[in-house]
Structure formats: structure tokens, C-alpha cells
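**Student:** Here you go, one structure.
The values are calculated or read from the model by the stated rules, or taken from the named source; none is laboratory data. Quick caveat: nothing in here was measured; it's all calculated off a predicted structure. Glycine gets a Cβ as well: all are built from the backbone with ideal geometry, and neighbour counts include every protein chain shown. Ligands, DNA and RNA are stripped out before the accessible areas are found, and what is left, the full protein with its side chains, is counted by its heavy atoms. Shrake-Rupley method; radii C 1.70, N 1.55, O 1.52, S 1.80 Å.
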Amino acid sequence: MAKILDGKAVSQRVKDDLKKETEKFVKDNGFAPGLAVVIVGNDPASRVYVNSKKRACEEIGYYSEEHALCESTTEDELLNLVEKLNNDDKIHGILVQLPLPKHINEETIINAINPKKDVDAFHPVNVGKIMIGNFDFLPCTPAGVMELIKESGISLEGKNCVVIGRSNIVGKPQAMLLLHKNATVTICHSKTKNLKEIAQTADVLVVAVGRAQMITGDYIKEGAVVIDVGMNRLENKKLVGDVDFESASKKASYITPVPGGVGPMTIAMLMKNTLTAAKKALENK
Ligand code: GUN
């Protein structure tokens, strides 16, 4: 039976450390790190995420602002807000919650965020820096996954890592972070042939496909570390990952639960990026 990689506990440790560091930062500099979270429309999942981010800011001692805009907000109005936040000295990190309503081009908005305040690391400048391996911010979910893999105690050097999913938010940057740790990385996606066979080669399997319980125990090599980035609501309202926990946990050595695995780590990494952004702002004063 697999051991649980407890994202709730690990994220709490990260946040406790950040809280201590923030107390010192505030004492030394006379201001708190500031995060602005922007949400457009009424997506219920986004609302839950944004509330958690706000709560984490309060817990650690950051200044935070929420900008909740209605569904009919235009792209120009959102661009104006981003520009205002770019120029606001109280704000060191800007997060525009995705997805945005269909009439707003996400790429246009991401490109408008000052890369120095881009705590999601979605801006092309930051994406490029991650590719090169010389970065200020790590994207929050992949960074959270790396922390959980570290927690499992396995060294990634020379290991076979398989990432299922190729999104800009998770799959692609995840593969890059694993590569930076000298793993041999395979990225699989919806067009991959022999997905199961490839997954079975993984010492570390990271799943971010967005399909409830798709990855069952027969995809998993005995003793693999299994990281489930998925978050899906079943018809009976139960929250489940992309991995079928019951069958997978019989094969894996370590596995993340859903909820309580990657989710809380993402928020902890966002908080870490916000403090980094505030420190960077000091350097530029
Ligand atoms: N929507 C789902 N995950 C994320 C994330 O990490 N950042 C933002 N901005 N939106 C998201």
C-alpha cells in the first residue's frame, strides 16, 4: 500500500516558514508583500481557488486585494486594471484567475502583466526563463509537485518521469522542471499511442489530464511515485483526481490524495512567489 504524500501538511510547513520570513521582511522594510487577485465572472471552481488564496495571504501576513469583476467586463477594462496594478507600489504579485470568459483573450491579458509581478509565471518572459533554467518564479502547480516529489525522498537523477498532459500551466513547465533535475522525461497527451505502456515505464508519474479517475492501477509500475494534479467533481459531488486512487495506491510507493495533495501546494508556491516578488521590488528601489 502506498504512502500518502500529504500536501496539506507540507504546504502548512511552507506557509509557516513564509510567515516567519514575512514577519522579518515587514520589520526590516516597513511594508508587507502585496498580492492582487483578479477574478472575472462566476466560475464556482475559480471562486473556491480565489478564496483559498485570499485566506493564505491573511494567514502569512501579506497585503491582499481581490478584484472581482462581472462576466461582461471587456478586455479593455481588464487591461486597464492590469495596468493600474502594474503601477501600484503596494502590489508585488498579480494573479488573474483563469479561465477568463470567452470574449477575453487570455494571452493578451497574460502578456500585459509586468513579468516582475507575474507570480503565476505565465508571461512569455518567465516561460522563457524557465526553459533556460534561470528563473525568478516557478509556475505554482509544477513547483508544488516538485516539493511533493522531494518529500518522497527519491532522487530524480536518471529516473524515468512521465507527464500525462501538455498544458502551458502544468504539463509543459512540469516536464521542464523535471528535466532540470536530470530526469529522463516523456510528455504524453491525448494523441499519444500506447499511453498505458509508456506510463508503465514511469518511476515518477505526473498526471494532469482533467479526466476523472482515468489512470487506474494497471497504468502504474510497482513502486512508482504517483502525483495527481487533477481535480474533478463527480455527479455525486465527490471530488476526485485524474488517478483512480484505490487501484493506483495498491501499486505506487507514494501517491498524492485528492483533495489534500497538489492543490494546497499550488497555493503555498503562489505565496512563496509573492514574497520573492516583494524582495525583487526592493532590489529595484
Ligand atoms: N486556474 C487554474 N489554475 C490556475 C493557476 O495556477 N493560476 C491562475 N491564474 N489560474 C488558474
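**Student:** Working only within region 127-164, note down all residues that are over 13 Å from the mean Cα position of the chain (by Cα) and either within 13 Å of the ligand (Cβ to nearest atom) or of a type in the set (A, V, I, L, M) (or both).
**Tutor:** V127, I130, M131, I132, I149, I154, L156, V162, V163, I164
**Student:** Going through region 196-219 one residue at a time, which ones are farther than 21 Å from G263 by Cβ, aliphatic (A, V, I, L, M) and within 24 Å of the chain's Cα centre (by Cα)?
**Tutor:** A199, A202
**Student:** Could you tell me which residue of region 117-148 is most open to solvent (accessible area, probe 1.4 Å), considering only residues that are at pLDDT 95 or above and among the polar types (S, T, N, Q)?
**Tutor:** Only one residue tops the list, namely T141.
**Student:** Quickly run through region 79-103 and pick out the residues that are within 13 Å of the ligand (Cβ to nearest atom) and either more than 24 Å from P124 (Cα to Cα) or open to solvent by less than 20 Å² (accessible area, probe 1.4 Å) (or both).
**Tutor:** V82, G93, I94, L95, V96, Q97, L100
**Student:** For region 123-152, name all the residues that are closer than 28 Å to D203 by Cα, assigned to a loop (DSSP other than H, G, I, E, B) and not polar (S, T, N, Q).
**Tutor:** G133, F135, F137, L138, P139
**Student:** Applying the selection to region 259-285, what residues are among the polar types (S, T, N, Q) and at pLDDT 95 or above?
**Tutor:** T266, N273, T274, T276, listed by residue number.
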